[in-house]
Amino acid sequence: MKAVFTDLHKGHDPKRFILRGKFARGEERPERAERLTAGLRAGNHELVPSEAFGQGPRLGVHSVDYLRFMEEAAAEWQTLADASDEVLGNVHPVRRGGTMPQSITGRAGWYMQDMACGIGPDTWLAASSATDVAVTAAELVIEGERAAYALCRPPGHHAYRDAAGGHCFLNNTAIAAQYLRSVHDRVAILDIDIHHGNGTQDIFYDRADVLTVSVHADPSRFYPFFWGYAHERGTGAGEGANLNLPIPVGSGDDAYVAAVEAAAKTIAAFTPGMLVIALGLDASADDPFGGAKVTAAGFRRAGEAIARMGLPTLFVQEGGYLSDQLGPNLTAVLGGFEAAA
Ligand SMILES: [Zn+2]
């Protein structure tokens, strides 16, 4: 299938996040894209460049003030005395409402929900280019491709309408799904990243026109901890249009594939015009986050189950971190899809 990609992600190379109380080297590194493009080449997928769609598709999901913060934060941060090279909020208005301050330190805390989303000088370029990658791939499917793949980096599914978090800044999956709503009455999102797609869920939580389904490690012991539970089913008009399928940490191929197959039944009943897959590969047994011990064979089976839904399908890259299996796992899931499509 056609795979959309741009080199504009490269300048975004977050150096640190807080892990177990220590500064750790960021896992969301530019080398991920090299491994993923190697996986695409191994599967004989055709790499095509992204096109620029401007701010319009982003505004379909994110607030104006948040987009402005994302664009301006890195430069304003440098006006602080002795600032680091990355914006990292450390004071957050957790569950207490509050008022937006003028200080960049305060605004960073307002718009960042954790300390795994440092904003460097080139983060806006990378994140905004990633939304173009997603929309370009969406356009390919609108124009008639059975499926397309978007190599988005940084990932997006932990990003809310107005908040970054978990290595994510702009929600590429949500932006693509919202964009697809211009041609389809109903769009379904299936998130198979090992982390719950909390940002995506929140963005569509009160809507009946976008079904959000997520397969992920049980959040009671896994990031993002506070969301991703089975009782979260949507609200208002969106009641019933969100489904979480948590699986035990480390559960392996069968549990993972069974959850994808269960998701497929809910998606079929929703009768969407298109399917967006938030394609995290960090359920891999070899991933540094080690969430579900899924093998390449398991990813291939997941790809087959996705294809059997028979829907025009857009794959949007989410997580999946450095290991020798990162590229082969991408080859496996897309290969499984094409074999069963
Ligand atoms: Zn993840």
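The values are calculated or read from the model by the stated rules, or taken from the named source; none is laboratory data. Keep in mind it's a predicted model, so treat the numbers as computed, not measured. When we count neighbours, we look across all protein chains shown, and the Cβ atoms used for this are built from the backbone with ideal geometry, even at glycine. Accessible surface is based on the protein model in full, side chains and every heavy atom, while ligands, DNA and RNA are left aside. Shrake-Rupley method; radii C 1.70, N 1.55, O 1.52, S 1.80 Å.
Here are the numbers for this structure:
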item	result
Selection count, segment 163-208, where residues are within 15 Å of the ligand (Cβ to nearest atom) and open to solvent by 10 Å² or more (accessible area, probe 1.4 Å)	3
Residue ID - most open to solvent (accessible area, probe 1.4 Å), chosen from residues in segment 319-328 that are more than 13 Å from the ligand (Cβ to nearest atom) and in a helix (DSSP H, G or I)	Pro328
Breaking point among (1) in contact with a strand residue (DSSP E or B) (Cβ under 9 Å, 6 or more places away or on another chain); (2) open to solvent by 20 Å² or more (accessible area, probe 1.4 Å), for Val135	(2)
Test for Leu211: is it farther than 16 Å from Asp282 by Cα, open to solvent by 10 Å² or more (accessible area, probe 1.4 Å), in contact with a Lys or Arg (Cβ under 8 Å, 6 or more places away or on another chain) and not aromatic (Phe, Trp, Tyr)	no
Count - residues of segment 308-318 that are open to solvent by less than 20 Å² (accessible area, probe 1.4 Å) and in contact with a Lys or Arg (Cβ under 9 Å, 6 or more places away or on another chain)	2
Contacts under 7 angstrom Cβ, first residue in segment 312-329 being closer than 15 Å to Val294 by Cα and aliphatic (A, V, I, L, M), partner within 11 Å of the ligand (Cβ to nearest atom) and open to solvent by less than 20 Å² (accessible area, probe 1.4 Å), 6 or more apart	Leu326/Leu281; Leu326/Gly320
Where Arg96 falls short, out of the listed (1) open to solvent by less than 10 Å² (accessible area, probe 1.4 Å); (2) free of Cβ contacts under 8 Å to residues at least 12 places away in the same chain; (3) not hydrophobic (A, V, I, L, M, F, W, C)	(1)
Residue that is among the aliphatic types (A, V, I, L, M) and either out of contact with any His (no Cβ under 9 Å at 6 or more places or on another chain) or within 29 Å of Ala339 (Cα to Cα) (or both), where the choices are Ala134, Ala127	Ala134
Test: residue in segment 58-76 that is at pLDDT 95 or above, within 30 Å of Ile306 (Cα to Cα), assigned to a helix (DSSP H, G or I) and not hydrophobic (A, V, I, L, M, F, W, C)	yes
In segment 81-93, residue least open to solvent (accessible area, probe 1.4 Å) [restricted to those that are over 27 Å from the mean Cα position of the chain (by Cα) and over 18 Å from Asp122 (Cα atoms)]	Ala81
Considering residues of segment 277-297 that are within 16 Å of the ligand (Cβ to nearest atom) and farther than 12 Å from Asp193 by Cα only, the residue most open to solvent (accessible area, probe 1.4 Å)	Lys293
Test for Ala230: is it aliphatic (A, V, I, L, M), modelled with pLDDT of 95 or more, more than 15 Å from the ligand (Cβ to nearest atom) and open to solvent by 40 Å² or more (accessible area, probe 1.4 Å)	yes
Checklist (1) open to solvent by less than 10 Å² (accessible area, probe 1.4 Å); (2) out of contact with any strand residue (DSSP E or B) (no Cβ under 7 Å at 6 or more places or on another chain); (3) within 16 Å of the ligand (Cβ to nearest atom) applied to Cys152, failing item	(2)
Options Val183, Val215, Val210, Val187: the member that is in contact with a helix residue (DSSP H, G or I) (Cβ under 6 Å, 6 or more places away or on another chain), free of Cβ contacts under 8 Å to residues at least 40 places away in the same chain and closer than 21 Å to Pro312 by Cβ	Val210
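Conditions tested, residue by residue: (1) of a type in the set (Gly, Ala, Ser); (2) touching a Lys or Arg at 6+ places or on another chain (Cβ under 8 Å); (3) more than 29 Å from Ala33 (Cα to Cα).
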site: Gly54; (1), (2), (3): yes, no, no
site: Val61; (1), (2), (3): no, yes, no
site: Ala74; (1), (2), (3): yes, no, no
site: Glu86; (1), (2), (3): no, yes, no
site: Pro121; (1), (2), (3): no, no, no
site: Ala126; (1), (2), (3): yes, yes, no
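Yes/no matrix, rows are residues, columns are (1) surrounded by 14 or more Cβ atoms within 10 Å (Cβ to Cβ); (2) over 23 Å from Gln113 (Cα atoms):
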| site | (1), (2) |
| --- | --- |
| Leu8 | yes, yes |
| Asp13 | yes, no |
| Arg16 | yes, no |
| Leu19 | no, no |
| Gly26 | yes, no |
| Glu31 | no, yes |
| Gly43 | yes, yes |
| Glu51 | no, yes |
| Ala75 | no, no |
